[in-house]
Amino acid sequence: IDANTGKLLWGENPDASHNPASIMKLMVIYLTYEAMEKGQFDMETKVTATPRHEQIANIYEISNNKIVAGVEYPIKELIPMALVPSSNVATMMLAELVEPDAVVFLQKMNQKAQELGMTNTKIVNATGAEISSFRGLYGIEGVDAAQLDQTGSNVTTARDFAIFTYHLLNNYPQILDYTSTPTVSTMVGTPYEETFTTYNYSVPGADPDERNTSINYH
């Protein structure tokens, strides 16, 4: 697509359905920026990690980072945690700040997808990881998990995600501040500091793809 207009320039099977996996976290980021635009909170707002968050962070089968119960994490730190190492727990912390009820938040995700023109997208979990992989920790206490699809996967198309990306970059271009460098550090100067290396091997200065170190993508 043309990044300035959103016009489709070329496509190959643009409407074939597939599971976008962790790319769906970008919709959580979109709703986070939108909530800040509406004045719900700002980049300095802090989310206090709960014991549940720490438990999610220790589920090694899904992508995460180190989150410690009782520590206050500013939004400006949670966003790069969700974007670069694809942290499931950081993504959930952002989602729950926007809307604590996991069922309602998924409704918001689907409503936004339709609003943006993503007509062939269905979202059943916020992070790309099946809800069952959260080991019963997906929703905060009190959320009726019976309404959630425990084993279903999100569905979208290349066309739908091109539409979404166009809106994301036009409305919230500041996301590129986090994704255009080979490494990003969070909670700098605290005992909880972490540095993450990008999985986007096309970023200048990025390490070679570990699957084929002879290829220099950037």
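Build a GNM of the chain with springs between Cα atoms under 10 Å: which of 68, 188, 155 gets the top mean-square fluctuation? So, out of 68, 188, 155, the one fluctuating most is 188.
Residue by residue, the range 176-187 carries 3J(HN,Hα) couplings of 5, 4, 8, 9, 9, 10, x, 9, 9, 10, 10, 6 Hz when phi is fed to the Karplus relation 6.51 cos²θ - 1.76 cosθ + 1.60 (θ = phi - 60°); x denotes Gly or Pro.
Note on the chain: lysine pairs with Cα distance below 27 Å, sequence gap of 8 or more or different chains, count 25. Assign one of three labels to the range 80-200, namely rounded, prolate or oblate, based on the Cα gyration tensor with a ≥ b ≥ c the square roots of its eigenvalues; rounded applies when a/c is under 1.5, prolate when it is not and a/b is larger than b/c, and oblate otherwise. Oblate, since a/c reaches 1.5 and b/c is not below a/b.
Here the 3J(HN,Hα) profile of the range 100-113, calculated from phi with Karplus coefficients 6.51, -1.76 and 1.60 at θ = phi - 60°, is x, 7, 4, 5, 5, 5, 5, 4, 5, 4, 5, 5, 5, 4 Hz, Gly and Pro shown as x. A Stokes-Einstein calculation at 20 °C with viscosity 1.002 mPa s, built on the Kirkwood radius of the chain over Cα pairs, returns a diffusion coefficient of 118 µm²/s.
For the range 35-45, putting each phi into the Karplus relation 6.51 cos²θ - 1.76 cosθ + 1.60 with θ = phi - 60° gives couplings of 5, 5, 4, 7, x, 5, 6, 9, 5, 8, 4 Hz, in residue order, rounded to whole numbers and with x for Gly and Pro. Surface composition of the range 31-108: carbon and sulfur atoms hold 50% of the protein heavy-atom accessible area at a 1.4 Å probe. The length gained on full extension between residue 61 and residue 37, counted as 0.36 nm times the residue separation minus their Cα-Cα distance, comes to 5.2 nm.
For a paramagnetic label modelled on residue 13 (point 7 Å from Cα along Cα→Cβ), amide N atoms under 19 Å away belong, within the range 84-128, to 120-122. The length gained by stretching the chain between residue 155 and residue 103 to full extension, at 0.36 nm per residue less their Cα-Cα distance, is 17.0 nm.
Taking amide H atoms as placed 1.01 Å from N in the peptide plane, the amide H of residue 47 lies under 5 Å from those of 73, 75, each 5 or more residues away in sequence or on another chain. Could you list the residues of the range 18-40 with an amide nitrogen less than 16 Å from a label point located 7 Å from the Cα of residue 76 in the Cα-to-C-beta direction? Backbone N within reach: 33, 36-37. The H on the amide N of residue 69, modeled in the peptide plane, is under 5 Å from the matching H of 54, each at least 5 residues off or on a different chain.
Distance between the modelled labels on residue 144 and residue 69, one decimal in nanometres: 2.8 nm (7 Å Cα→Cβ projection). The Cα center of the range 19-34 and the Cα center of the range 172-186 differ in position by 15 Å. Per residue, the range 66-193 exposes 43 Å² of solvent-accessible protein surface, assessed with a 1.4 angstrom probe and all protein chains in place. The reciprocal of the average 1/r between distinct C-alpha atoms defines the Kirkwood hydrodynamic radius, which for the range 1-107 equals 15.2 Å. If each of residue 193 and residue 215 carries a label point 7 Å out from its Cα toward its Cβ, how far apart are those two points in nm? For the pair residue 193/residue 215, the computed spacing is 3.4 nm.
The values are calculated or read from the model by the stated rules, or taken from the named source; none is laboratory data. Just so it is clear, the structure is predicted and the values come from calculations on it, not from any experiment. FYI the Cβ positions are ideal-geometry reconstructions off the backbone, even for glycines, and counts take in every protein chain you see. Accessible surface areas use protein heavy atoms only, side chains included; no ligands, DNA or RNA. Shrake-Rupley method; radii C 1.70, N 1.55, O 1.52, S 1.80 Å.
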